[in-house]
Amino acid sequence: MTEAEKQQSLPRIVSPQEWLAARREFLVREKEFTRARDALNAQRRELPMVAVEKDYVFEGPDGDVGLLDLFEGRRQLIVHHVMFDPSWDEGCSSCRFQIRDLGHLPHLHERGTSLALVSRAPYAKIQRYKERMGWSVPYFSSYGSHFNYDFHATLDESKQPLLINFRTKEEHEEAVGPWDVWGHELPAVSVFLSEGDTIYHTYSSFSRGLDILIFTLNYLDLTPLGRDGG
């Protein structure tokens with residue numbers, strides 16, 4: 001955006017009284033959105049869940065572990081599927097931005113929830129990448145397993161029938177266009193609940209569905225220049 005375009009996009013200059021009137025009018029819409037979001041969150045919690053039948057194996061700093069180990073003794077687990085193909089030297093830049101924007105994980109831990117990063121890259125690559133980034137968040141490799149394919153964070157028809165943001169290949173191509181225009185790796189989050197030794201998959205989200213998790217962008221949404229910044 002050029003400087004001229006930025007100037008044209010700036011808000012109107014008004015009196016304090018006009019600003020207050022406009023702000024109060026907008027507050028009505030904000031409250032409607034808050035109530036709608038609360039209702040949506042409640043509906044998300046009421047979604048059915050499905051038992052995870054496979055014994056997935058991941059590699060981490062202490063060797064091979066199972067999916068239940070990623071819970072770290074807590075009842076809930078959020079897996080952030082980081083786009084990192086085995087042939088790449090590092091994860092994608094947008095995923096890197098999201099990981100750097102993660103909050104203070106102990107706040108999740110206090111509420112019985114763990115968060116872990118998972119990529120298809122071999123653990124040796126992940127370890128070097130994690131050290132270079134200076135990250136402390138748990139990060140595991142699913143290299144050689146079907147984990148990413150089964151939860152549709154990696155798209156490969158030879159591994160799993162395609163489901164692209166919950167659409168079949170045909171539905172996606174009819175609604176959006178070619179499915180592989182952005183490649184085979186997707187930004188995704190999967191959520192799991194443990195009941196004893198049984199694990200349930202409760203929720204997944206992809207692409208723009210992860211927007212709400214990026215604190216920086218949500219802060220920028222409050223500003224007049226928005227996500228384009230200064």
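The values are calculated or read from the model by the stated rules, or taken from the named source; none is laboratory data. Keep in mind that this is a model prediction, so the values were computed, not measured. Because the Cβ atoms are built from the backbone with ideal geometry, glycine has one as well, and the counts that use them run over all protein chains shown.
Points to keep in mind about this one:
- Note on region 159-196: residues that are in contact with a helix residue (DSSP H, G or I) (Cβ under 7 Å, 6 or more places away or on another chain) and either loosely packed, with under 14 Cβ neighbours inside 10 Å or outside any strand (DSSP E or B) (or both) amount to 7.
- One residue stands out among those in region 64-99 that are surrounded by fewer than 21 Cβ atoms within 10 Å (Cβ to Cβ) and of a type in the set (Gly, Ala, Ser): the one that is nearest to Ser205 (Cα to Cα), which is Ser94.
- The residue list Glu173, Glu195, Glu185 contains one member that is of a type outside the set (S, T, N, Q) and within 20 Å of Asp89 (Cβ to Cβ), which is Glu185.
- Residues satisfying the stated conditions in region 51-63, i.e. surrounded by 10 or more Cβ atoms within 10 Å (Cβ to Cβ) and outside any loop (DSSP other than H, G, I, E, B): Val57, Phe58, Glu59, Gly60
- Only residues that are under 21 Å from Asp228 (Cα atoms) and part of a loop (DSSP other than H, G, I, E, B) were counted in region 8-23, giving 5.
- Number of the exception - Tyr149 against (1) in a helix (DSSP H, G or I); (2) of a type in the set (Ser, Thr, Tyr); (3) surrounded by fewer than 14 Cβ atoms within 10 Å (Cβ to Cβ): (3)
- The criterion of being assigned to a helix (DSSP H, G or I), at pLDDT 95 or above, in the same structural domain as Leu115 (by TED's automatic domain parsing) and not acidic (Asp, Glu) holds for Leu68.
- Of the set (1) crowded, with 16+ Cβ neighbours inside 10 Å; (2) among the hydrophobic types (A, V, I, L, M, F, W, C); (3) under 24 Å from Trp88 (Cβ atoms), all apply to Met133 but (1).
- Residue match in region 210-220 (condition: touching a residue at least 12 places away in the same chain (Cβ under 8 Å), of a type outside the set (Asp, Glu), under 13 Å from Asn165 (Cβ atoms) and not assigned by TED's automatic domain parsing to the domain that holds Phe26): yes
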